[in-house]
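Engineer: Handing you a structure now.
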Amino acid sequence: MEFAGKTVLVTGAVTGIGRAAAEAFLREGATVGVNHPGQPALFAGMADELRDLPGKLVECEADVCDAAGVQRMVDGLAKATGRLDVLVNNAGISQVKPFLETTEDDWNRIIDTDLKSVFLCCRAAIPHMRAQGGAIVNIASELALSGRAHFAPYTAAKGGVISLTRSLAREFAPSIRVNAVAPGPTHTPMLEKEAQVPGHEEDVNEIPLGRYADPSEIAQSILFLASSRASFFCGDVVSPNGGAVMR
Ligand SMILES: NC(=O)c1ccc[n+]([C@@H]2O[C@H](COP(=O)([O-])OP(=O)(O)OC[C@H]3O[C@@H](n4cnc5c(N)ncnc54)[C@H](O)[C@@H]3O)[C@@H](O)[C@H]2O)c1
């Protein structure tokens, strides 16, 4: 129950890794701001399923690419709960497309959703965290470390997330610890969508552990980095990827 009495905001939290992270914090007693960009039915289902867990869920609808919406969401959650202790920048999109077919719109949409959103959410959240201290966990991707054909804007955005993580870690230490999680392939709606493009399923034979991750396994890395057990982690990138990328 390390997070009892604490407020955590998870972006993109009604599906996949974000949902698993929200559940993990809830089990630890947190009040969890569950951000979604307009999926109230998914939030309602999640709230119903998790209603017996110790923490509390707060619905936080906002498009993480919209500066004013992000500011309203973060200020509203901090005001309603009296504090903000943890921000998990998880919301994201991917796209499988050959580089030479990638349009400027594709590029802007992916960079906005996967990288600018992290800037906007951190900028809104940090002033609420500074006095009492806090932790930020940004979700990058193993693909930022390895690169991947047909994922250029996505890998560029996720590489940017890692660099942004390190700069913010230096700027706001020691009061706010900023770290990143760079997951390998994980069973989520994003991966299912990517696998529909012929020839683009991630090959499990290239993963020494021989399988994809369950979102709950990635959530444990997020929970760890946000917790006092990670008190000496600063600007780090933890990559649960089944051994696909070894650094
Ligand atoms: N699944 C994988 O294999 C994998 C691997 C590495 C990294 N990741 C990263 O993990 C994170 C979560 O992805 P996932 O795999 O759980 O997929 P997902 O599609 O289930 O989750 C992404 C979430 O982001 C939300 N979102 C998208 N645009 C948004 C916006 N503008 N505003 C607010 N929310 C928005 C979606 O509603 C969704 O809930 C992403 O950042 C993704 O890049 C996933």
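Every read-out reported here was derived from the displayed coordinates using simple, explicitly stated rules and does not represent laboratory data. What you see is a predicted model; the values in this text were computed from it and never measured. Note: ideal-geometry Cβ built from the backbone for every residue, glycine included; neighbour counts use all protein chains shown.
Engineer: With θ set to phi - 60°, apply the Karplus curve 6.51 cos²θ - 1.76 cosθ + 1.60 along segment 33-49 and write out the HN-Hα couplings as whole Hz, x wherever there is a Gly or Pro.
Structural biologist: x, 9, 7, 8, x, x, 10, x, 5, 5, 4, 4, x, 5, 4, 5, 5
Engineer: If the reach is capped at under 19 angstrom between alpha carbons, list the lysines near LYS79, excluding any in the same chain fewer than eight residues apart.
Structural biologist: Straight-distance partners of LYS79: LYS6, LYS56.
Engineer: Go ahead and estimate [θ] at 222 nm for the chain from helices alone: -39,500 (n - 2.57) per DSSP H run with n ≥ 4, summed, over the residue count, rounded to 500.
Structural biologist: Mean residue ellipticity, 222 nm, calculated: -12500 deg cm²/dmol.
Engineer: Sort ASP105, ASP214, ASP85 so that the residue with the fewest other Cβ atoms within 10 Å of its own Cβ comes first and the one with the most comes last.
Structural biologist: Starting with the residue having the fewest Cβ neighbours, the order is ASP105, ASP214, ASP85.
Engineer: While we're looking at this one, here's another question. Using a ≥ b ≥ c from the Cα gyration tensor of the chain (square roots of the eigenvalues), is it rounded, prolate or oblate, where a/c under 1.5 gives rounded and otherwise the larger of a/b and b/c decides, a/b for prolate? Walk me through the numbers before you get to the answer.
Structural biologist: Numbers: a/c = 1.44, a/b = 1.42, b/c = 1.01.
Note, shape of the chain comes out rounded.
Engineer: Further question: GluC sites (Glu not before Pro), restricted to segment 194-230: which are DSSP loop and have at most 14 other Cβ atoms within 10 Å? Can you show the working numbers first?
Structural biologist: Numbers: sites: GLU194, GLU201, GLU202, GLU206, GLU217; in loops: GLU201, GLU202.
Those that pass, being in a loop and sparsely packed, are GLU201.
Engineer: With springs connecting C-alpha atoms under 10 Å apart, model the chain as a Gaussian network and identify which of GLY16, GLY147, GLY92 has the largest mean-square fluctuation.
Structural biologist: GLY147
Engineer: So what are the ³J(HN,Hα) numbers for segment 148-155, from phi and the Karplus equation (6.51, -1.76, 1.60; θ = phi - 60°), rounded to whole Hz, Gly and Pro as x?
Structural biologist: Going residue by residue, I get 7, 4, 6, 10, 4, x, 5, 5 Hz, with x marking Gly and Pro.
Engineer: Name the long-range amide H neighbours of ASN138: under 5 Å, sequence gap of 5 or more, or other chain; modelled H, no Pro or chain starts.
Structural biologist: For ASN138, the qualifying residues are ASN89, ASN179, ALA180, VAL181.
Engineer: Tell me, PHE224, PHE3, PHE233, PHE25 in order of fewest to most beta-carbon neighbours within 10 Å?
Structural biologist: PHE224, PHE233, PHE3, PHE25
Engineer: In what order do THR103, THR11 fall by count of nearby beta-carbon atoms within 10 Å, going from fewest to most?
Structural biologist: On the way: THR103 10, THR11 27.
Listed from fewest to most nearby Cβ atoms, that is THR103, THR11.
Engineer: Among all the lysines, which ones have a C-alpha under 16 Å from LYS97's C-alpha, if same-chain residues fewer than 8 places away are not counted?
Structural biologist: Correct list for LYS97: LYS193.
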